[in-house]
Amino acid sequence: MGSEISLSRELLSPGSRVLCAVSGGADSVCLLHLVRLLPDVECLCAHYDHALREDSGEDARFVEALCAKWGVPFVTERGDVAARCRRTGESVETAARELRYEFLFRAAAELGADLIATAHNKTDNAETVLMHLARGSGLRGLCGIPERRGIIVRPLLHVSRADILACLDERGIPHREDPTNARDDCARNYARHHVLPAMEALHPGAAENIDRLTRSLTEDEAFLRSLAEEWLASQGEELSVPALLALPRPVAARALRLWTGADLTRERTEALLGLCRSGPSAQLDLPGMRVFRRYGVLTLTATEAEPLPSREIVPGTLLLPEAGLELVCTAHWPGEEIQTSFNIFSFSYDKICGKLTAARREPGDRMDLLGRTGTRSVKKLMMEARIPRARRDSIPVIRDGQGVLAIPGIGQSARAFPSPGEKFFTITFREIGEDREE
């Protein structure tokens with residue numbers, strides 16, 4: 001029954017400061033309720049208003065009132081999904097997700113949260129697997145939604161929606177339903193309303209069985225990846241073709257993905273393996289890179305991207321044509337909103353040391369990423385962000401006299417982040433020629 005729901009404590013370690021993403025729906029309200037009851041975890045709440053319905057503000061007010069009743073710190077933000085869709089050409093679902101996660105990462109950094117918890121559940125996971133299956137996904141896609149990705153955790157991932165609803169009903173906890181969830185105008189809703197119920201009718205317990213499958217496949221994927229990582233550790237920047245071809249194909253394919261730093265499709269992975277089996281000298285072009293085979297060795301070079309020269313940052317707009325980006329530096333006065341996301345960074349004037357520049361990465365670069373503990377190498381951060389190796393020298397790195405301050409697509413250092421009441425400035429990265437909403 002719902003009262004027996006327990007959160008995955010492997011994801012919520014004692015002493016954690018957890019920011020719960022709460023829409024106001026049953027799943028996220030249940031998540032917030034259960035996290036706030038944990039005696040050794042600090043619970044915070046964030047709500048993002050996508051402004052896609054006229055009454056969307058009522059969801060924010062509902063969550064705020066719930067947090068006030070439960071004594072949970074609350075933060076909210078209203079976005080403009082439609083404007084982003086016009087600017088980027090993304091679907092409504094994609095634009096909403098990107099804006100929501102940008103807000104959640106920014107809120108986590110400002111509140112000092114260690115983790116961001118979302119309320120994905122067993123039903124969501126089954127729907128995701130079915131959609132991936134229909135698209136012809138490989139093993140990674142059939143693993144479903146990961147329990148953890150960086151600081152994002154999903155403590156309800158293996159709990160059914162029926163148990164979530166029972167939990168709220170037994171405890172008299174209200175929630176709101178988004179009426180757009182009843183429509184069939186997106187793939188996930190269609191899978192939820194038609195495909196999964198049909199599978200349950202065919203074989204009761206289908207969602208439970210799919211969940212069990214994802215756990216097993218996740219273990220298999222982790223094992224295969226570890227074998228690929230172990231083999232790559234024995235190689236240098238170049239790969240031995242005979243040694244690669246001696247690997248089992250699943251390990252070789254994963255080694256090539258890790259080596260290129262790109263999320264290669266099945267077709268491109270097969271093309272790379274075909275290159276290894278071709279004549280003594282051949283090459284293959286991939287987005288942003290070119291792979292050469294010279295007899296028994298694979299090498300990788302950049303094609304479209306050029307290394308960035310060092311440029312000084314001053315207030316105004318700075319073009320970075322090698323990266324296809326423009327950088328906008330804007331001053332702000334104390335009391336104005338402090339922003340940070342994957343592409344917007346805020347810095348205190350008083351905490352900057354010397355000249356500010358945008359340049360390519362340098363060997364040994366490290367950064368104390370905001371929202372995490374300790375310093376990490378820039379190389380490792382770029383690998384985790386899946387930036388292809390051949391493009392890493394064209395990614396702008398913002399630094400002052402003391403070291404790295406920010407990298408677009410990754411985040412900013414905690415060192416120069418402004419405190420309330422300080423004068424600060426923002427650096428915003430945009431694609432060159434991108435339309436901007438005022």
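The values are calculated or read from the model by the stated rules, or taken from the named source; none is laboratory data. Quick caveat: nothing in here was measured; it's all calculated off a predicted structure. No Cβ is skipped: glycine too gets one built from the backbone with ideal geometry, and neighbour counts run over all protein chains shown.
Okay, here's what the table says:
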item: Unmet requirement for residue 349, which otherwise passes all of (1) modelled with pLDDT of 80 or more; (2) among the hydroxyl-bearing types (Ser, Thr, Tyr); (3) within 25 Å of residue 382 (Cα to Cα); (4) out of contact with any Ser or Thr (no Cβ under 8 Å at 6 or more places or on another chain); result: (3)
item: Condition met for residue 18 (touching a residue at least 60 places away in the same chain (Cβ under 8 Å), of a type in the set (Val, Ile, Thr), in contact with a Cys (Cβ under 7 Å, 6 or more places away or on another chain) and outside any helix (DSSP H, G or I)); result: yes
item: Scope segment 322-363; condition among the hydrophobic types (A, V, I, L, M, F, W, C), without any contact (Cβ under 8 Å) to a residue 60 or more places away in the chain and assigned to a strand (DSSP E or B); matching residues; result: 358, 359
item: Residue check for residue 429: among the aromatic types (Phe, Trp, Tyr), modelled with pLDDT of 85 or more and within 17 Å of residue 311 (Cα to Cα); result: yes
item: In segment 374-416, the residues that are farther than 23 Å from residue 317 by Cβ, hydrophobic (A, V, I, L, M, F, W, C) and not in a helix (DSSP H, G or I); result: 385, 387, 414
item: Qualifying residue in segment 73-88 (condition: in a helix (DSSP H, G or I) and in contact with a Ser or Thr (Cβ under 6 Å, 6 or more places away or on another chain)); result: no
item: Number of the exception - residue 108 against (1) surrounded by 15 or more Cβ atoms within 10 Å (Cβ to Cβ); (2) modelled with pLDDT of 95 or more; result: (2)
item: Unmet criterion (only one of (1) over 20 Å from the mean Cα position of the chain (by Cα); (2) β-branched (Val, Ile, Thr); (3) farther than 30 Å from residue 220 by Cβ) for residue 81; result: (1)
item: Criterion (closer than 21 Å to residue 320 by Cα and touching a residue at least 24 places away in the same chain (Cβ under 8 Å)) met by exactly one of 392, 366, 372; result: 392
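Conditions (1) under 20 Å from residue 99 (Cβ atoms); (2) at pLDDT below 90; (3) under 21 Å from the mean Cα position of the chain (by Cα), marked per residue:
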site	(1), (2), (3)
326	no, yes, no
336	no, yes, no
341	yes, yes, yes
356	no, no, no
